[in-house]
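Below: the structure, in structure tokens.
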Amino acid sequence: SPLPFTTSTLQQDASSKLNFAPQKTMRIAQQLYEGVNIKGQGTVGLITYLRTDSTRISVEADVAAKEYIKEAYGAEFVGAGTVAKKDDKKVQDAHEAIRPTYMTNSPASIKDELSRDQFRLYQLIWKRFVASRMQPAIYETISARINAGEYLFTAASSRLAFDGFMSVYTDPDEEKKEKNAAVRSLEAGTELALEKMDPQQHFTQPPAHYTEASLVKTLEELGIGRPSTYAPTITTIISRRYVSKEQKNLYVTELGEVVN
């Protein structure tokens with residue numbers, strides 16, 4: 001199961017799933033943090049502090065989340081331990097991870113009080129937090145080794161046996177996994193006939209251009225800036241025309257090269 005959101009991972013996920021620029025993500029998260037008027041409750045801050053580099057969760061929130069999962073999904077979905085990121089010397093751990101403040105305010109129950117973008121971002125934070133307290137997904141995998149003269153070919157097939165946290169939150173990369181269903185029908189000792197050979201040559205591709213999400217990830221990995229500076233940094237280099245944004249990619253401009 002995934003870790004709850006930090007500023008960096010929230011910006012990356014909102015970029016890839018909702019197509020939000022980091023600056024837009026932070027603006028909407030600020031609105032959710034400052035508070036939204038909820039019928040019968042008044043103005044309620046819906047998420048915890050949005051500038052954080054910690055994945056720590058308070059004990060009260062952990063207990064509340066696990067009780068919610070038990071009621072909504074069943075006891076077998078409740079995660080055993082608490083998932084925690086390895087200690088990084090750069091992590092200040094001043095605030096806990098970004099999470100919903102109250103489990104009672106589910107996205108569906110307050111949808112009418114939120115704008116479309118607020119709802120989408122709140123739902124993303126909610127799902128990620130709930131998933132982080134759930135059991136891992138379990139796959140059944142079968143692999144086959146096929147002898148062909150002096151060569152050895154391998155094939156593998158996997159299918160989801162227990163969806164665990166994936167019943168709430170799926171990673172786009174997980175969904176792309178290829179499933180070779182034919183492998184399941186093989187048995188040891190079966191002789192296979194070659195129907196056709198499909199030779200393919202692969203070349204190593206140069207690194208792709210940065211997107212806003214991958215640039216945020218790299219800034220974090222290299223320890224450049226703090227959670228509060230990722231979005232303003234990207235906004236600055238775009239507004240000064242050092243880089244230009246086309247579709248999702250960031251391209252260095254001639255001005256950017258000259259300045260550099």
Residues of segment 16-49 satisfying the condition of being open to solvent by less than 10 Å² (accessible area, probe 1.4 Å), assigned to a helix (DSSP H, G or I) and of a type outside the set (A, V, I, L, M): Pro22, Thr25
Going by what's in this entry, would Ala208 be described as loosely packed, with under 15 Cβ neighbours inside 10 Å, more than 30 Å from Pro4 (Cα to Cα) and of a type in the set (A, V, I, L, M, F, W, C)? no
Sort out which residues of segment 91-120 are part of a strand (DSSP E or B) and either surrounded by fewer than 18 Cβ atoms within 10 Å (Cβ to Cβ) or in contact (Cβ under 8 Å) with a residue 60 or more places away in the chain (or both), and write them in order of number. Ile98
Residues in segment 213-220: is at least one without any contact (Cβ under 8 Å) to a residue 60 or more places away in the chain and open to solvent by 60 Å² or more (accessible area, probe 1.4 Å)? no
Examine segment 171-194 for a residue that is assigned to a strand (DSSP E or B) and in contact (Cβ under 8 Å) with a residue 40 or more places away in the chain, and state whether such a residue exists. no
Quickly run through segment 227-238 and pick out the residues that are touching a residue at least 60 places away in the same chain (Cβ under 8 Å), open to solvent by less than 50 Å² (accessible area, probe 1.4 Å) and not small (Gly, Ala, Ser). Pro227, Tyr230, Ile234, Thr235
Here the residues within segment 156-170 that are more than 23 Å from Leu18 (Cα to Cα) and open to solvent by 30 Å² or more (accessible area, probe 1.4 Å) are Ala156, Arg159, Leu160, Ala161, Phe162, Asp163
Only one of (1) in a loop (DSSP other than H, G, I, E, B); (2) over 21 Å from the mean Cα position of the chain (by Cα) does not apply to Ser158, and that is (1)
Would you pick out the residues in segment 25-74 that are touching a residue at least 60 places away in the same chain (Cβ under 8 Å) and aromatic (Phe, Trp, Tyr)? Tyr68, Tyr73
Just wondering, is there one or more residues in segment 161-170 that are farther than 25 Å from Pro227 by Cα, more than 21 Å from the chain's Cα centre (by Cα) and of a type in the set (Gly, Ala, Ser)? yes
Enumeration of residues in segment 239-260 that are in a helix (DSSP H, G or I) and open to solvent by 50 Å² or more (accessible area, probe 1.4 Å): Ser239, Glu254, Leu255, Glu257, Val258, Val259
Take the residues in segment 50-69 that are charged (D, E, K, R) and within 15 Å of Thr104 (Cβ to Cβ); name whichever of them is most open to solvent (accessible area, probe 1.4 Å). Glu60
Does at least one position in segment 1-8 carry a residue that is part of a helix (DSSP H, G or I) and farther than 14 Å from Phe129 by Cβ? yes
Considering only residues that are polar (S, T, N, Q) and on the phi > 0 side of the Ramachandran plot, which ones fall in segment 229-260? Gln247
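The values are calculated or read from the model by the stated rules, or taken from the named source; none is laboratory data. The structure presented is a predicted model; accordingly, all values stated were derived computationally and were not measured. Every residue, glycine among them, receives a Cβ derived from its backbone with ideal geometry; neighbour counts consider all protein chains shown. Accessible surface areas use protein heavy atoms only, side chains included; no ligands, DNA or RNA. Shrake-Rupley method; radii C 1.70, N 1.55, O 1.52, S 1.80 Å.
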